[in-house]
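Chemist: Below are the structure tokens for one structure; questions will follow.
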Amino acid sequence: MKIYAYFFKNWRLKLLALLAALFFWALIVGNQRNYEEHTFKAVVEVVNLKENHEVQRLNPEELRVVLSGYRSAFKKLSGTTDLVIKIDLGNTSAGSRFNFFAEDYLKELPEGIKLVSVYPRIIEVEVEEFVKLELPVQVKFREKLPQGLVLKSWKAEPAVVTALVARSNARNLRSVQTIDIDLSELSEKTNNLIVGLVKSSFIARFIDYQEIKLSLEIVKNE
């Protein structure tokens, strides 16, 4: 009887307490089931780069980002495959290397989403000042013409191209070379060739031409 009385005394309050406990337990378990982690690719972009400045080194260009949050919060990122990290280089100076912490650029996430991890954590940026140089084209031949043929003359058009070169390397650059032209593959009928230019480590990019027209006069050796 004592046991019976213990369980059934104030049974309404005990039932309400049990129902409340079950409700909160179900709520917690439900939230845990709705809590997720997702991995995204973050692409690094640089903005506000000063005139005549170029990014010489950007490492890495992509990062792996892990985010956590409720399923409903991730709906705000629905359709998003890549995140974007924008590095502002407006206050940077040329000839310097900078390290940026990736976490600093992942703080403005949708409400309910937290950053779990990002790899790599450090973004390395090297900025260089560049100048325009007009460089003569140096045509590079290799091997020999087939027997009985002679290269009487050749002409490169244009003979001078404009390239963007790091200021620190400008004094070391005197010309730009073409890719190798194998004379053994040419014949008397070869009159014109389109030849690419070699972009050395000193050159950021070619401004006007990336290839030239090479006019050849190949004749029989009499």
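Chemist: Restricting to region 199-218, name every residue that is touching a residue at least 40 places away in the same chain (Cβ under 8 Å) and surrounded by fewer than 12 Cβ atoms within 10 Å (Cβ to Cβ).
Modeler: If the condition is that a residue be touching a residue at least 40 places away in the same chain (Cβ under 8 Å) and surrounded by fewer than 12 Cβ atoms within 10 Å (Cβ to Cβ), then ARG205, ASP208 are the ones that fit.
Matching residues to (1) outside any loop (DSSP other than H, G, I, E, B); (2) under 33 Å from the mean Cα position of the chain (by Cα):
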| site | (1), (2) |
| --- | --- |
| VAL150 | yes, no |
| ALA156 | yes, no |
| ASN169 | yes, yes |
| SER187 | no, no |
| ALA204 | yes, yes |
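Chemist: Which of the following residues is closer than 22 Å to VAL47 by Cβ, in a strand (DSSP E or B), under 28 Å from the mean Cα position of the chain (by Cα) and not assigned by TED's automatic domain parsing to the domain that holds GLU45: LEU83, LEU164?
Modeler: LEU164
Chemist: Let me ask something else about it. Only one residue in GLU54, GLU103 is surrounded by 12 or more Cβ atoms within 10 Å (Cβ to Cβ), within 15 Å of the chain's Cα centre (by Cα) and not basic (Lys, Arg), so which one is that?
Modeler: Of the residues listed, the single one that is surrounded by 12 or more Cβ atoms within 10 Å (Cβ to Cβ), within 15 Å of the chain's Cα centre (by Cα) and not basic (Lys, Arg) is GLU54.
The values are calculated or read from the model by the stated rules, or taken from the named source; none is laboratory data. Just so you know, these numbers come straight off a predicted model, no measurement behind them. When we count neighbours, we look across all protein chains shown, and the Cβ atoms used for this are built from the backbone with ideal geometry, even at glycine.
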